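The next block holds one structure in the form of structure tokens; read it before the comments.
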Amino acid sequence: MSDLFELFPTPVLRVPRLLDDNGVRAFRQRFAPAAGQLNHHSGELSHSQILAADADPLLADLSARLTPHLAEFGTHLFGQSLHWTIKEMWLNVMQTGGRQAIHTHANSFVSGVLYLSDCHPSSNTLFIRSLGGQGYVFANTHANATVGPFNADKWRGPDPAPGDLILFPSSLLHEVPVNRGGLRVTLAFNAIPDRLDAWGYAITFGR
């Protein structure tokens, strides 16, 4: 009997309802009006300035809520429960027709998106297989071919609700396709561990 298993899978962690409705409302009221920096690729997408995790009581409370989930996710990446620091946060406000181009997050190990509004299925976060990740250039793509986790080029995140959180490796390519629905508000952030150790050769991260 054959045995199919996953080899070197990429972890993605979803945390439903990290914030309740009151928490979502408080974040939107506090930070959405400050999202006035236009995106370089889409005029219907704007961002706030970079926010420090301790710059506001709401951000400090959120950081405390995120900490155990970052530790859990980091265990899957590095095999150890580490101390994590949120480097920066920023708010994204996307109007109808907005999009976010394919990108990764530099100088971090874990990135996250906290949804602060409903999200139309057209604008769910989309994760993309790294270019060159396959050892061959031929593809079998047609109407009768079934697309699954082992041959898909893209993976659409689960439908989020306001207050939901998703964590993923910062190096994972991702985008937000054209938003066919209403206002989409999210808080994104990057995080780093305090230290990584490779058989006694350690590197530390901090200010």
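The values are calculated or read from the model by the stated rules, or taken from the named source; none is laboratory data. From a predicted model like this one, the values you see are computed outputs, not experimental measurements. Don't worry about glycine lacking a Cβ; one is built from the backbone with ideal geometry, like all the others, and counts go over all protein chains shown. Note: accessible area is taken over every heavy atom of the protein model, side chains too, but ligands, DNA and RNA are not part of it. Shrake-Rupley method; radii C 1.70, N 1.55, O 1.52, S 1.80 Å.
For the reader, a short list of remarks on this structure follows.
- Top-ranked residue of the range 156-174 - restricted to ones that are open to solvent by 10 Å² or more (accessible area, probe 1.4 Å) and touching a helix residue (DSSP H, G or I) at 6+ places or on another chain (Cβ under 7 Å), ranked as nearest to ASP21 (Cα to Cα): PRO162
- Residue within the range 94-106 that is part of a strand (DSSP E or B) and crowded, with 17+ Cβ neighbours inside 10 Å present: yes
- Some residue of the range 138-147 being farther than 19 Å from HIS41 by Cβ, surrounded by 12 or more Cβ atoms within 10 Å (Cβ to Cβ) and polar (S, T, N, Q): no
The rows are residues; the columns are (1) touching a Cys at 6+ places or on another chain (Cβ under 6 Å); (2) modelled with pLDDT of 95 or more; (3) surrounded by 15 or more Cβ atoms within 10 Å (Cβ to Cβ); (4) more than 25 Å from PRO193 (Cβ to Cβ).
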site	(1), (2), (3), (4)
SER46	no, yes, yes, yes
SER63	no, yes, yes, no
THR75	no, yes, no, no
LEU126	no, yes, yes, yes
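- Exactly one residue out of VAL185, VAL178 is assigned to a loop (DSSP other than H, G, I, E, B) and touching a residue at least 40 places away in the same chain (Cβ under 8 Å): that is VAL178.
- Conditions (1) touching a helix residue (DSSP H, G or I) at 6+ places or on another chain (Cβ under 9 Å); (2) open to solvent by 80 Å² or more (accessible area, probe 1.4 Å); (3) not aromatic (Phe, Trp, Tyr): number failed by ASP3: (1)
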